[in-house]
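The values are calculated or read from the model by the stated rules, or taken from the named source; none is laboratory data. Bear in mind that the values here come from a model prediction, so they are computed numbers and not experimental data. Neighbour counts are summed over all protein chains in view; Cβ atoms, including those assigned to glycine, are modelled from backbone coordinates with ideal geometry.
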Amino acid sequence: MKRSNPFPRPLRACRPALAALALAALAIAASACGGSPTPPGTAAPAPAAAPLEQRLALPDIAEPMITAGTTVLEIEGLQVVHRRTPGNDVVAAGVFFTGGARHWRPETLGDERLALQVLAAAGPAHLTKDEFQAAIDARGATISAASGREFASVAAVSLIDDFDTIWALLVDALEAPDLHPDEIALQRARQLTRIRSELDDPDSAISILARRSFFAGRPAAWSPLGTLETVDALGARDLAVALDALLVRDRARLVLVGDLDPHHVQRAARALLDRGVLPARTPSEPAPLPPLPDRAPTVEVIPREGLPTAYVLGYFAAPAPDHPDHAALTVGVRLLSDRFFEEVRTRRNLSYAVSAGLGRIRENVGWLYVTSTRPEEALTVMIETVEALVAGAVSEQDVAEQVESALTALYMGLQANQAQASMLARWLAVTGDVRWADAHLERFRAVTPDEVRHAVDRWLRNVHLVVLAAPGAVDADAFPLR
């Protein structure tokens, strides 16, 4: 067994530690946005992705808060992350698979998600579905699965006294999943229903359409759900191929949060390794993607009959969480989101829903969103708000208030062990090292008003607007561009 990146400090099982954990989650899930008027057709220089040497160097953290009590091990090539939570009777543990959308195939989109949903619902082949679910329910536990653009997962939550039993069930399901035709048909029908529902709902539809347009020709454009055509054609063989591509040691990360001793953690890892669930073969790596191309700000109008209001979503390229500008942009977009609400909704009554956001993936984006019967006017106000911020409307108090509000908003959501496990897994998937949680926290707390203005001005440019509206309801040339 090889030990690497140890974090020997004991867990600070108190509010400050969890508050810090909440703030770090903000770093990869924060929201807000902006824009500003420039003459139509005028393209500002696109911010290039920072070369490796310009990314934040990962510093030694003298007083880690988020990773306090966390140990990172490597056991026969399997990376294991354990955050010990003394006195907590709940254990959250999961196998997280890196790579995400880069490993998907366009002809079988949705296969990874469908395969994992069948696995988590039906369990191993040596048990019936009812027996599998009864064993879980009898212990008040859960086994669930997820598939996303950055990583996929199969995870369990149980009381510590039941962990061995529940973990054995999860490993059994990974080793020999029951890909029964009836369960595949049931889960496929549910997945198709969700796809149709998202396409029918204007808010969901514009998100899908804007992503497809902005990331055209790249895996980031694809939905984990797949399409109606690809999912409808999936069968047991397709799901077996999808699972085979996932279950590779080099792609797997075992993350556990709970009051487990080191021997218990090693037994959980050995259960995966000794039974050959994660073979040590080299996964097929997709070709590296070129950088996103430079683009001018654009407006794309998509007509849809019967809409009483217009839906506007604008994407812009944004820095990844380990980029030097990410922390400052996080503060900036949060400020803008608050000011959009005040200026667009409260003062002018132009919209009942206006917001902005910053993504949490490596090929990252930020966005502007508004729904309005006067979308051109609403977006003009939003962009004027961005320009005011860039011109100097940011104080030290503004920055401090955003940090405090983030702690308050996210503290409760990260008390659960499963939320902490998910956060650690995401930092692993996006940056490759859980210590970025603490590094980003330190950077976030050190952000200055000048850095906020610079980050917003640099990144919130060349916005690609997609407008979903009734035919003839909007004029594409009337939208301001930045």
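A compact table of results
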read-out: Count of residues meeting criterion [in a loop (DSSP other than H, G, I, E, B) and hydroxyl-bearing (Ser, Thr, Tyr)] in the stretch 291-326; value: 1
read-out: Residue match in the stretch 470-481 (condition: within 27 Å of the chain's Cα centre (by Cα) and crowded, with 23+ Cβ neighbours inside 10 Å); value: no
read-out: Test: residue in the stretch 236-259 that is charged (D, E, K, R), farther than 30 Å from residue 82 by Cβ and modelled with pLDDT of 95 or more; value: yes
read-out: Yes/no for residue 397 being surrounded by fewer than 17 Cβ atoms within 10 Å (Cβ to Cβ), of a type in the set (S, T, N, Q) and in contact (Cβ under 8 Å) with a residue 60 or more places away in the chain; value: no
read-out: Listing of helices (runs of 4 or more DSSP H) fully contained in the stretch 407-482 that carry 3 or more residues being modelled with pLDDT of 95 or more and in the same structural domain as residue 312 (by TED's automatic domain parsing); value: 449-459
read-out: Qualifying residue in the stretch 321-341 (condition: hydrophobic (A, V, I, L, M, F, W, C), at pLDDT 95 or above, surrounded by fewer than 19 Cβ atoms within 10 Å (Cβ to Cβ) and out of contact with any Ser or Thr (no Cβ under 6 Å at 6 or more places or on another chain)); value: yes
read-out: Residue 282 being under 30 Å from residue 76 (Cβ atoms), outside any strand (DSSP E or B), under 26 Å from the mean Cα position of the chain (by Cα) and not assigned by TED's automatic domain parsing to the domain that holds residue 216; value: yes
read-out: Answer from 189, 125, 141 - the residue that is farther than 21 Å from residue 234 by Cα and either hydrophobic (A, V, I, L, M, F, W, C) or within 30 Å of the chain's Cα centre (by Cα) (or both); value: 141
